[in-house]
Amino acid sequence: MPSYYDEKTKSWYCKFNYLDWQGQRQQKMKRGFSRKKDAADFETRFKASQKYDSKTTIGSIADSYLEEIAPRRRASTIKNYKTTFEKHIKPYFADLSDTYMHKLDTIFRTLYAFGAKRCKLLENPFDGLEKIGHARADTMQFWTLDQYRSFIALIEDPVKHLAFDLLFYTGIRAGELLALQIGDADLVQGILHITKSYQRIDGKNIISPPKTKKGIRDIAMPKFLCYEIIEYKKHIYGCDPEFPLFAKMCRGTLKYNLDKYSKLAGIPRIRVHDLRHSHVALLIEQGVAPMIIQERLGHESINTTLGTYGHLYPNKQKQVVDILDNL
């Protein structure tokens, strides 16, 4: 485990070979250490991190750790560690999804960076560690138009019917839906104004701007959706422009009814947010351009739209070849 001294920079560095998580031989160099011991410690930590990949779970790491320390610890200590893990750690971390683990990883790194800056720490324990999890799930759940129609046909309540139609045919987020007021729907121009989002935090209703700056947007609505809102408004007393469109609805209501009626319809169970994905899948199937989809969703960048939904676009290579052949 050699470390080297650089006369020019008056600091230590390490240079070593290792096998990555795919079994490929790689070389790593890290400079800027003030002590020889620090360079050697970095090599040790880095090599240890290569035993795991982004699919590694907290549970498997815990098993490896307990196995490694067992020869050096008393049986009672190992038992105590196992009990602690099973009772206080595993219930919160062991079975988390890849995307949630990625989010936790990001939060831990951000917190450390903040604390390191305040405390003037020079070393970062996250150096050389692969980020765990994935920013997005490997698979995306959504309904086809036929599946949605079989679901919505079972809902007779006009409030719930309109809520799900707005989610599916406009692609707005659940928080944006629940923040809608009567005046946000321009039924003459067929425009839905998205200017705010609803959240319930610590028992309080919080109305805030949308998730991104471009989240403030106007969404064109199909005529049948405008007609549905017109009929719905007839049953709202007073119909003040600032009155909530869905005053007595919450996320729990949406989730409960989504689960209930999807089961009755015999179609796959999805999350409320997956209706947004379903809207995009429908538009892509109809040949709508990515820029238009970006505007409807309120994404800050087209890269966000393509990064999330690019895999849903059909391969156009054959079409390109046909065009070139016909020149």
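The values are calculated or read from the model by the stated rules, or taken from the named source; none is laboratory data. Treat the numbers as computed from the prediction; the structure is a model and nothing was measured. Positions of Cβ are generated from backbone atoms using ideal geometry, with glycine treated the same way; all protein chains shown enter the neighbour counts.
So in the stretch 232-284, with the set limited to residues that are in contact (Cβ under 8 Å) with a residue 24 or more places away in the chain and of a type in the set (Asp, Glu), which one is surrounded by the most Cβ atoms within 10 Å (Cβ to Cβ)? Restricting to residues being in contact (Cβ under 8 Å) with a residue 24 or more places away in the chain and of a type in the set (Asp, Glu), the top hit is Asp274. Checking Glu156 against (1) over 22 Å from Ala281 (Cβ atoms); (2) outside any strand (DSSP E or B); (3) touching a strand residue (DSSP E or B) at 6+ places or on another chain (Cβ under 9 Å), which test does it fail? So the condition that Glu156 fails would be (3).
For the stretch 202-243, which positions are in a strand (DSSP E or B), within 17 Å of Ala174 (Cβ to Cβ) and not β-branched (Val, Ile, Thr)? Passing the criteria: Asn205, Ser208, Arg217.
Of everything listed in (1) part of a helix (DSSP H, G or I); (2) under 23 Å from the mean Cα position of the chain (by Cα), the single unmet condition for Arg271 is (1).
Only a single criterion out of (1) over 33 Å from the mean Cα position of the chain (by Cα); (2) in a helix (DSSP H, G or I); (3) at pLDDT below 70 is not satisfied by Ser64, namely (1). Please determine whether any residue of the stretch 159-176 is free of Cβ contacts under 8 Å to residues at least 40 places away in the same chain, surrounded by 14 or more Cβ atoms within 10 Å (Cβ to Cβ), of a type in the set (Ser, Thr, Tyr) and not in a loop (DSSP other than H, G, I, E, B). No, the stretch 159-176 contains no residue that is free of Cβ contacts under 8 Å to residues at least 40 places away in the same chain, surrounded by 14 or more Cβ atoms within 10 Å (Cβ to Cβ), of a type in the set (Ser, Thr, Tyr) and not in a loop (DSSP other than H, G, I, E, B).
Selection of first residues in the stretch 188-205 that are over 13 Å from Arg296 (Cα atoms) and of second residues that are among the polar types (S, T, N, Q), restricted to Cβ pairs under 6 Å at least 6 apart or on distinct chains, gives the following pairs, ordered by first then second residue: Ser197/Ser208.
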